[in-house]
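Visitor: Here it is: the structure, laid out below.
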Amino acid sequence: MKDDILILGIESSCDETAAAVVKNGRTVLSNVISSQIELHKLYGGVVPEIASRKHIEKVNQVIESSLEEADVTLNDIDAIAVTYGPGLVGALLVGVAEAKAISYATNKPLVGVHHIEGHVSANYIEHPDLEPPFLCLIVSGGHTHLVMVKDYGKYQIIGRTRDDAAGEAFDKVARAIGLGYPGGPKIDKLSKEGNSKAITFPQGHIADAPYDFSFSGVKSAVLNHINSCKMKGIQINSADIAASFQESVVDVLAKRTVLAAKNLGVSKIALAGGVASNQGLRAKMDKVCQKNNFSLYYPSPIFCTDNAAMIGAAGYYEFINGTRHGLDLNAIPNLKIGQR
């Protein structure tokens, strides 16, 4: 095997069309993202059919741009890594079809990558000292998981949400207080203007599963608070609601993560997923990790949201571990972590 391995990563699981070239799993030579956020804002959320059509329009462009930015050609690439799940099936199919076409045309190996495992691997890009084993809190619009990263490509789910994902709750609460889509960044920004102790919102507890999460209760509590204010003629303070809601969510995320780390004897904790860019969550995790002498890792915001550099990073470790997929690779919208 040659000294440097170049992976072309392709990501199209939701509303970002992205391509990247990654060297040896850690060095990003290019990372091109075409976002559809402004388009989907018109509808208050991602419209799958529109997302799929926009991926078709953009996928060739972002791949060409990523190769040009990295100053390489397809001949220099060692393998093509692509997200094949979980995600929106139509969106996933665009990336998978593109990756298979390139693999066939160039006779380069094809490596399917799990989207959430890609988010975990984003931490390798900026933290050369981070190696498994470590505990990872994965927080996004569709997932909230506590995962033990035993080795590269080897994961054990320790805890998960029983209902809404944290990011989904952020979006729904943002919509309820009139912030619109995407909700997470807007609540994070507004919360800085509010009092996080103004309203006490509940934190879900699962009696027989101390590492699991539940966010449907806090979401309902916010809606009930808003309705109660309207009925009583009390002025609604959106900043206080945002701050108090965010405090409730990040507090329970931090508590479960620290509890798991202590009980598992883990000293390294990583954050992953779109909500990992939330400033409130980062501040809370920084505080509790310092208090308990844990090392904390998280990616820059550009690598927290959907991107192809993380797929290239994850694809590298799958590639050197011998993972290869044939041209029968298909999109799996409900792909589970660790599923191959």
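Visitor: Going by the alpha-carbon gyration tensor, a ≥ b ≥ c the square roots of its eigenvalues, is segment 11-63 rounded (a/c under 1.5) or, if a/c is not under 1.5, prolate (a/b greater than b/c) versus oblate? Walk me through the intermediate numbers first.
Guide: Values: a/c = 3.01, a/b = 2.28, b/c = 1.32.
Cα axes put segment 11-63 in the prolate bin.
Visitor: Here's another thing I want to ask about it. Ile37 to Gln279: FRET efficiency via 1/(1 + (r/R0)^6), r the Cβ-Cβ distance, R0 25 Å, to the nearest 0.05?
Guide: On the way: r = 19 Å, r/R0 = 0.76.
Once rounded, the FRET efficiency stands at 0.85.
Visitor: Mind giving me the nanometre distance, one decimal, between the label points for Ala209 and Val89, set 7 Å out from Cα along Cα→Cβ?
Guide: 2.5 nm
Visitor: Now, a different point. Taking a ≥ b ≥ c as the square roots of the eigenvalues of the Cα gyration tensor of segment 133-298, is the shape rounded (a/c under 1.5), prolate (a/b larger than b/c) or oblate? Mind dumping the intermediate values first?
Guide: Details: a/c = 2.10, a/b = 1.93, b/c = 1.08.
Here segment 133-298 falls in the prolate category.
Visitor: While we're on this one: What size of dipole, in debye to the nearest 20, comes out for segment 129-191 about its Cα centre when the only charges are +1 on Lys and Arg C-beta atoms and -1 on Asp and Glu C-beta atoms? The partial results should precede the final answer.
Guide: Details: 8 positive and 8 negative charges, 43 e Å.
So the magnitude is around 200 debye.
Visitor: Quick one: which of 75-81, 233-239, 284-290 comes out on top by average Cβ neighbours within 10 Å, and what's the full order, highest first? Mind showing how you got there, number by number?
Guide: Numbers: 75-81: 20.4, 233-239: 12.3, 284-290: 16.9.
Descending packing order for the listed peptides: 75-81, 284-290, 233-239.
Visitor: Between Lys150 and Ala105, what length in nm is gained on full extension when 0.36 nm per residue of separation is reduced by their alpha carbon distance? Please list the in-between numbers first.
Guide: On the way: separation 45, 0.36 × 45 = 16.20 nm, distance 3.56 nm.
Result: 12.6 nm gained on full extension.
Visitor: Set the Förster radius R0 to 25 Å, insert the Cβ-Cβ distance between Lys262 and Leu130 as r into 1/(1 + (r/R0)^6), and round the FRET efficiency to 0.05.
Guide: Details: r = 20 Å, r/R0 = 0.79.
Calculated transfer efficiency: 0.80.
Visitor: Could you rank the peptides 249-261, 320-332 by their average count of other C-beta atoms within 10 Å per residue, with the highest value first?
Guide: On the way: 249-261: 21.2, 320-332: 14.4.
Going by the mean number of other Cβ atoms within 10 Å, highest first, we get 249-261, 320-332.
Visitor: Express in nm, to one decimal, how much length is gained between Gln235 and Asn321 on full extension, taking 0.36 nm for each residue of separation and deducting their alpha carbon distance. List each step's numbers first, then the result.
Guide: Numbers: separation 86, 0.36 × 86 = 30.96 nm, distance 5.84 nm.
Contour length minus the Cα-Cα distance gives 25.1 nm.
Visitor: Quickly rank 274-281, 109-116, 201-208, 154-161 as a protection proxy: mean count of other C-beta atoms within 10 Å, highest first.
Guide: Working: 274-281: 23.6, 109-116: 26.1, 201-208: 13.6, 154-161: 18.2.
Ranked by mean Cβ neighbours within 10 Å, highest first: 109-116, 274-281, 154-161, 201-208.
Visitor: Additional query: Run the quick spin-label model on Asn224 and Asn330: label points 7 Å from Cα toward the beta carbon, then report their separation in nm to one decimal.
Guide: Roughly 4.4 nm, to one decimal.
Visitor: Here is a further query. Would you compute, from DSSP H runs of 4+ residues alone, the mean residue ellipticity of the chain at 222 nm, taking -39500 (n - 2.57) per run and dividing by the full residue count, rounded to the nearest 500? Before the final figure, lay out each step's value.
Guide: Numbers: 11 runs with 151 residues, N = 340.
Computed mean residue ellipticity for the chain: -14500 deg cm²/dmol.
Visitor: Here is a follow-up. Could you compute the FRET efficiency for Asn24 and Lys192, with r as their C-beta to C-beta distance and R0 at 35 Å, rounded to 0.05?
Guide: Numbers: r = 39 Å, r/R0 = 1.10.
E between Asn24 and Lys192, to the nearest 0.05, is 0.35.
Visitor: Okay, moving on. Fewest first, what order do Glu69, Glu117 take by the number of other Cβ atoms within 10 Å? Let's see the in-between values first.
Guide: On the way: Glu69 15, Glu117 29.
Least to most surrounded, the residues fall as Glu69, Glu117.
Visitor: Another question about this same structure. Once a ≥ b ≥ c are taken as the square roots of the eigenvalues of the Cα gyration tensor of segment 219-297, is the result rounded (a/c under 1.5), prolate (a/b larger than b/c) or oblate (a/b not larger than b/c)?
Guide: Values: a/c = 3.39, a/b = 2.77, b/c = 1.22.
In terms of gyration-tensor shape, prolate.
Rule-based calculations on the coordinates, nothing more; no lab input. Quick caveat, the model's predicted, so the values are computed rather than measured. A quick note on method: Cβ atoms are made from the backbone with ideal geometry, for glycine too, and the neighbour counts reach across all protein chains shown.
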